Every structure is written in structure tokens, then in C-alpha cells.
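The values are calculated or read from the model by the stated rules, or taken from the named source; none is laboratory data. Everything numeric here is computed off the predicted structure, so don't read it as measured data. Glycine gets a Cβ as well: all are built from the backbone with ideal geometry, and neighbour counts include every protein chain shown. Surface areas here come from the heavy atoms of the whole protein model, side chains and all, with no ligands, DNA or RNA. Shrake-Rupley method; radii C 1.70, N 1.55, O 1.52, S 1.80 Å.
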Amino acid sequence: MKKHRPDQAENPMAERAALAGLLMGIEVLPAAVREVAAGLEPEAFTDPVHREIMACIHEALTADRPGIGTVQAAARRRVIVTGEDHHDVIVGIVDLIEREYVGSAPVENARLAAHEVRQAHGQRQALMAMTVGLEGIRGARDASDIAGVIERLEAVKASLGGPVEADLTTSIFDELDSWSRDDCDPVIPTGFPALDLLIDGGLPPGLVGIAGQPGSGKSALASQLMLGALLEDRGLASLWCRGEMSAKRLSGRLVAAWASIRGDAVPAITLRDARRRTKASRTVSVDMANIVGVDRLRFLPAPLTVDRIAAAIGKHRPKLVVVDHLGRIQGDGKHDRRAELESIVQQLDDIATGNGITMIVTTPVAKTATEDSAIGTITRDSNRLDFDAECYLSLWVNPGDRKNDPREVRMVLNKTRSGHEDKVPLTFTGSGQSFYSTAPLAEEHDEFAAYAPGVPR
């Protein structure tokens, strides 16, 4: 991508050529000069004298019979304000261009030069936007701040107007996007709007905790988020660390969940169909294999240890990891189980942040926990996951509804990077191993209001 420097955004020769062409044609072709001048504001010029002359031309064009004399008269009136007489400058510019462009059409020269002046102006505006954007992102506290910067840049792009200037700012947006990918923490969209819209667009890097009561669908939600992410990003690689389910049981759940996510693109099947490997379920399996492939979804079988998880991540380089579940990870046996889990969570956090990946960790909730419990009192046998997770979700179902299919589940956002907390009513279909929400999609948070469209401040 071409880089623009500030000195490349200045073109004094084009500025002089534009002014000379307008001055030379103002008496003989005033209508054509008006057309060119209408798209060339004084602010587009870098030289202060050139800006004043362009302002004088605009003023002169309001006269019935504009000419060099009306421009000079406007310049003399502006002397009172600026303290500088531009008469000699005007004459000098005309003489210069007459020598350089003998026999050429003055207004056409002005039109071409004006294009270059506007292009340089667009570069300067884009560079200013880039500077503001990078400063804003480097000082960003969370994704909402970054979204605000993007809105400001969009406003600058819109204010520039012409296609040339828009193309210039497009390169700035490309550079900003590249910088964001390389230096920021991109989220992983899951294709599940009921969640993505509430957690700044997707799963953040680091630990993501999913806690829940028995029958609330912890593993099912983890698989739905993982499969949705694989469908959203065809370059994403993932790893499922299988702690409690057999390979056959897990594969059946994944195929049923895939059918639910894909909707009408594949036959509708149930978990029972997937386990019995019916003809329809085999069709779904082929569709999943064609899209996911053999390299983008890998499995680590039990027994699970931190060392085995770290080794698998180092070997396969996934961006999304599911550990199902925390209690199935073996410790060193030298400490009580609570201390072991505290250490395990810390090590998993180090692995996730050190590799820049998202790691979903499922876990049961404490017996005394409720959907109104505070962070630090939710995870069973350990509170470290509550505090270390970048995003923490808990699932709650009424005891009498745990065997219903479908059943109502309440998803609580106990913790998000932006500090947003919410409760989202979901419906869990055990036969389809999927969640869906009939609640209205969440609107953007109030903090976005500070970045209403407008020129960067």
C-alpha cells in the first residue's frame, strides 16, 4: 500500500497553475471559471498567499463582469485585514504561467491543476484523520473507544466528498485496519447476534468463562460459538480440549449443532439422528467437513493437563480453544483441589494471553450461586476464573425445566471488557444442540453517542 507523507500532500506548483488559469480565463470565460472555482475552496491551498488570492477570485466572481481588475480590487480590500498587498503576486503568477503555458487553454489548465490541488488537500485531510485515529486507538480503553475513532474517520471521509479524496482516505482506512489487526486485540465473531452485539462484536482474546447449572447447555453453547466462528471466518483454526465427553458423543453434538447453525442449507436433523448416523446426518457431516476441513477443528482427548493443552496449542496454532471443562484438568496432586484449580486458571490465562488466542473454559456454578451472584462467587471450587476471564457468561435454568426440550435458559453477562452487564433470555433446544433468542437485538451502548458523525475534534 502506498504511504503518504505530509510533504507529498503539498503541491505549490499546482496551486500556482490553478490560480493562473483562473485569472487568465476570468474575463473571457467567466462561466467556465465559475464552474472550476466552485469546487476549489481557499482552504485547499497550503500557501497562505494562494489562499488569499483564491478568496479574492471567489469574491470577484460575484461581480457582473469579473476580471483581473475585480480580483485586484478584492485583494486591495483584503489588505486592510491581512496587511499584505497581493497585486504583485497576482501579476507575477499570470506572467509565470503565460511563459510556461503559451498557447494552452487557461481554464483547462486550471481544471487539471485544481484536481491536483484537491488531491493534495485530500491527502492532508486523510493524514490528519490517520493521526487522530492512531492516537485515539493507542489511547483506547476498550472496543467502544475504537469504534468511536472509526466513526470519526468515516465522517472525515464523507466530508471530503469527491471520489479522488475518498480513494485517498480509503488507503488510510486500509492502514488503520492493518494496524488494528497487528497491534490491537481483534475479537472473534461467532455469528450469534444475541451475544456478539453485547460483547463488542465477538469473543475477546484471553479467557472466556461459560458457567452454568446442570442441563443449562454449557458445552452446547461453547460448541455453537466455536462452530459459528469457524463459519464466520473461513481462515480460523480451533482446538477442542475434550475433558468429559467421548469422541462419539461429542461428534454427534457437533453435527447436530452444525445443522442448526446452517439452517436451510442442510437437512434438519436431531441429536438422535446424528448419533444414529442417518443419511441426512451424513449429509450434514459432509457439509461441515467441506467448510471446516480437517485442519481448522482439532481435538485433544482426555486426560487433560495444562502441559498437554499448551503443547497442542503450540503444535496446531489455533486462534480459538475450548476447554470442556475446568474441573477435568488434572493438577500435580501436591495441593488441595482448590489451590490446584487456582494455579490451573492462572496458567491457562498465561497461555491464552501469551499466544494472543481466545480460550473458552466451561465450568459448573457453585451450589450457592444464583443468577444475581457477583463475580468471585460463581465458579464452583475456584473464584480465579471469575476474576481472570475477559468475558464471563453464566447460564441459568429453572430446576423443573431441565428435562424440557426446548427449555428456557437465562444467559447472564456477568463480565465483559466494556463493563456492560445484561440478562438475555434464550431458548435451548437439546435435540438440536443450539440456542436462539427471540428477544430484540441489543442496541449500541450509550458510550457510542460521544462519536456522532462530524469532523474530528
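If R0 is 41 Å, the Cβ-Cβ spacing of residue 77 and residue 422 corresponds to a FRET efficiency of close to 0.10.
Label positions at residue 246 and residue 367, each projected 7 Å from the Cα along the C-beta direction, are separated by 3.0 nm. Residues with beta-carbon under 13 Å from that of residue 370, excluding residue 370: net charge, scoring Lys, Arg +1 and Asp, Glu -1? My count for the surroundings of residue 370 gives +1.
Seen from residue 340, the other residues with C-beta closer than 13 Å to its C-beta sum to a net charge of +1, counting Lys and Arg as +1 and Asp and Glu as -1. Computed from label points 7 Å out along Cα-Cβ, the spacing between residue 299 and residue 350 is 3.0 nm.
Computed with a 1.4 Å probe over protein heavy atoms only, the accessible surface of segment 217-313 comes to 45 Å² per residue. Of the trypsin sites (Lys or Arg not before Pro) found in segment 280-369, the ones in coil according to DSSP and having at most 14 other Cβ atoms within 10 Å of their Cβ are 334, 367. With a Förster radius of 25 Å applied to the C-beta separation of residue 438 and residue 291, the computed FRET efficiency comes to 0.40.
For segment 298-307, putting each phi into the Karplus relation 6.51 cos²θ - 1.76 cosθ + 1.60 with θ = phi - 60° gives couplings of 10, 10, 10, x, 5, x, 9, 9, 4, 5 Hz, in residue order, rounded to whole numbers and with x for Gly and Pro. The protection proxy used here, the mean number of other Cβ atoms lying within 10 Å of each residue, ranks peptides 111-120, 368-377, 419-428 as follows, highest first: 111-120, 419-428, 368-377.
Taking other residues whose beta carbon is less than 14 angstrom from the beta carbon of residue 36, and scoring Lys, Arg as +1 and Asp, Glu as -1, yields -2. Once backbone amide H atoms are built at 1.01 Å from N, residue 203 has 188, 190 as its partners under 5 Å, excluding neighbours fewer than 5 places away on the same chain.
Look at the dipole of segment 319-404 built from charges on Cβ: of 374, 346, 404, the Cα furthest out on the positive end belongs to 404. Full extension of the chain between residue 51 and residue 387 yields a length gain of 115.1 nm, computed as 0.36 nm times the residue separation minus the alpha carbon distance.
What you get for segment 207-261, charging only the Cβ of Lys and Arg (+1) and of Asp and Glu (-1), is a dipole of about 220 debye around the Cα centre.
If the chain linking residue 234 and residue 105 were pulled fully straight, counting 0.36 nm for each residue of separation and taking away their Cα-Cα distance, it would gain 40.9 nm.
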